[in-house]
1. Sort out which residues of the range 43-64 are of a type in the set (A, V, I, L, M, F, W, C), touching a residue at least 12 places away in the same chain (Cβ under 8 Å) and open to solvent by less than 90 Å² (accessible area, probe 1.4 Å), and write them in order of number.
2. Taking the range 90-103, which residues are open to solvent by less than 80 Å² (accessible area, probe 1.4 Å) and farther than 19 Å from Ala149 by Cβ?
3. If you check Pro25, Pro59, which single one turns out to be at pLDDT below 90, over 16 Å from the mean Cα position of the chain (by Cα) and farther than 26 Å from Val145 by Cβ?
4. Conditions first: (1) touching a residue at least 40 places away in the same chain (Cβ under 8 Å); (2) surrounded by 15 or more Cβ atoms within 10 Å (Cβ to Cβ). Ala22 passes all but one, so which condition is the exception?
5. Which of the residues that make up the range 65-89 are out of contact with any strand residue (DSSP E or B) (no Cβ under 9 Å at 6 or more places or on another chain), within 18 Å of Ile114 (Cβ to Cβ) and surrounded by 11 or more Cβ atoms within 10 Å (Cβ to Cβ)?
6. Show the residue pairs that are 6+ apart or on different chains and have beta-carbon atoms under 8 Å apart, the first residue being within the range 94-109 and charged (D, E, K, R), the second being part of a loop (DSSP other than H, G, I, E, B).
7. For Phe165, only one of the following conditions fails: (1) surrounded by fewer than 16 Cβ atoms within 10 Å (Cβ to Cβ); (2) at pLDDT 75 or above. What is its number?
8. Could you check how many residues of the range 117-158 are aromatic (Phe, Trp, Tyr) and at pLDDT below 85?
Amino acid sequence: RRLAKHHTVWPGDIERASHLGANTPQEASYLVREAARSRFGNLAQILECPFTKDDLVLPDGVKQLLEAIAFEAEERVNFWQQQEPRRLFPQGRGLIALFSGPSGTGKTMAAQVIAARLTQDLCRVNIAQLVSKWVGETPKNVEQVIRVAAENNVVLFFDEADALFARRATEIRD
């Protein structure tokens, strides 16, 4: 049940897991997640998530904020099944968190902890591969990464995102 609740599974992925001999839910989960990982191509890579919240050394306020993000991510399926929230927020249902701070403060580790708690893959977006010198290719690449992430219920991590977003702001003189 947990696998079905937290992961979007394509029928072909289920069939593939069956043909590969998955005998337990853990084996099926692994095979299904492996199939989804390949859909990013070279635009993103899977990060391992070996950490727990006990590994984070943070002020209590930051720990509470991370807890709130994880709670909202866990409960969002139930929330969006209600008609009133869908009516009030028709533009989107994504959950976005912006982590900032100097190197070594635990931004990546915090993302790993949240992804592990959600039992979802954490995909680090390769900004160098995402940005293209060809007009229109960068937005297309961003759209592909977001679409694949949404289809496969993964947590996206734009590492060093300021390189992408600050450049865009400069280009439009904003």
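1. Across the range 43-64, the qualifying residues are Leu43, Ala44, Ile46, Leu47, Cys49, Phe51, Leu56, Leu58.
2. Selection gives Gly101 alone.
3. Only one candidate qualifies: Pro25.
4. (1)
5. Of everything in the range 65-89, those that are out of contact with any strand residue (DSSP E or B) (no Cβ under 9 Å at 6 or more places or on another chain), within 18 Å of Ile114 (Cβ to Cβ) and surrounded by 11 or more Cβ atoms within 10 Å (Cβ to Cβ) turn out to be Leu65, Leu66, Glu67, Ala68, Ile69, Ala70, Phe71, Glu72, Glu74, Arg76, Val77, Phe79.
6. Lys107/Phe99; Lys107/Ser100; Lys107/Gly101
7. (2)
8. Residues meeting the conditions: 1.
The values are calculated or read from the model by the stated rules, or taken from the named source; none is laboratory data. Since we're looking at a predicted model, the values are computed, not measured. Because the Cβ atoms are built from the backbone with ideal geometry, glycine has one as well, and the counts that use them run over all protein chains shown. Quick note on the areas: whole protein, heavy atoms, side chains included, nothing else; ligands and nucleic acids left out. Shrake-Rupley method; radii C 1.70, N 1.55, O 1.52, S 1.80 Å.
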